[in-house]
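The values are calculated or read from the model by the stated rules, or taken from the named source; none is laboratory data. Note that the coordinates shown come from a computational prediction; the quantities given were computed from them, not determined experimentally. With ideal geometry, Cβ positions are generated from the backbone for all residues, glycine too; neighbour counts draw on all protein chains shown.
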Amino acid sequence: MHTSPQAAILVGHGGVPKDYPQELVTKLKRLEAQRRSSGAPPTSEEIELDQRIRRWPRSAQTDPYQTGLEALAAHLRPFLNGMPLALAYNEFCSPTLEEAVAELVGAGAREITVVSSMFTPGGSHSELEIPDTLQRLRIRYPQVTLRYAWPFDLTMVCSMLAEHLHRFMSAAPEPARQG
């Protein structure tokens, strides 16, 4: 992939594929919780389980979250005037933020701006994990400017949400769902 000196990364949460064994998700989350409470580095078992779920084959049926983030990226690209846009995921899916940055840097990007699809303040991914990862990546790639487009201007987010609500409020009511 050839890229310009500037690029962007859209980071989403990531979802568990519907066909992934639930007991492996439970085991991974247990290992993550133990690591976080002890402050220890990830064990080889945690790393292996994380890689396994991230590399699991996916489709629109098994991972609608990934499909949704890809659709969001497709709608965002025309607004970026040709600037390359990569995707990354905080958990459960590939590529990681580290992998997305490495790919863009390898293609020649020297300024990368990261934006999260998670808008609200208070989330551990947006407020802790992404900034921590970017700090490690700044050390690894001192020749690259890494920016984080955070926090969101809540007035802008609310304007978008209000406009969206008004579209639905002026629409005909949906029929009641049987269920």
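Among the conditions (1) at pLDDT 95 or above; (2) loosely packed, with under 14 Cβ neighbours inside 10 Å; (3) in a helix (DSSP H, G or I), residue 142 misses just one, which is (3). Every condition in (1) within 27 Å of residue 33 (Cα to Cα); (2) of a type in the set (D, E, K, R); (3) modelled with pLDDT under 95 is met by residue 177 except one, and the failing one is (1).
Test residue 48 against the criterion of being over 27 Å from residue 70 (Cα atoms), acidic (Asp, Glu), surrounded by fewer than 18 Cβ atoms within 10 Å (Cβ to Cβ) and without any contact (Cβ under 8 Å) to a residue 12 or more places away in the chain, and give yes or no. Talk me through it step by step, then tell me what you get.
Working: over 27 Å from residue 70 (Cα atoms): no; acidic (Asp, Glu): yes; surrounded by fewer than 18 Cβ atoms within 10 Å (Cβ to Cβ): yes; without any contact (Cβ under 8 Å) to a residue 12 or more places away in the chain: yes.
Taking the combined requirement at face value, the residue does not satisfy it.
Checked against (1) loosely packed, with under 10 Cβ neighbours inside 10 Å; (2) within 30 Å of residue 106 (Cβ to Cβ); (3) of a type in the set (Ser, Thr, Tyr), residue 170 meets all criteria but (2). Within segment 42-62, being in contact with a Lys or Arg (Cβ under 9 Å, 6 or more places away or on another chain), within 18 Å of residue 14 (Cα to Cα) and in a helix (DSSP H, G or I) holds for 46, 49. Is it fair to say residue 67 is among the hydroxyl-bearing types (Ser, Thr, Tyr), modelled with pLDDT of 95 or more, surrounded by fewer than 19 Cβ atoms within 10 Å (Cβ to Cβ) and over 20 Å from the mean Cα position of the chain (by Cα)? So residue 67 does not fit the description; no. Taking segment 8-41 as the range and being surrounded by 15 or more Cβ atoms within 10 Å (Cβ to Cβ) and either in a helix (DSSP H, G or I) or touching a Leu at 6+ places or on another chain (Cβ under 8 Å) (or both) as the test, the residues that pass are 8, 9, 10, 11, 12, 25, 28, 31, 32. Under 20 Å from the mean Cα position of the chain (by Cα), surrounded by 13 or more Cβ atoms within 10 Å (Cβ to Cβ) and farther than 19 Å from residue 89 by Cβ: does that describe residue 115? It is false that residue 115 is under 20 Å from the mean Cα position of the chain (by Cα), surrounded by 13 or more Cβ atoms within 10 Å (Cβ to Cβ) and farther than 19 Å from residue 89 by Cβ.
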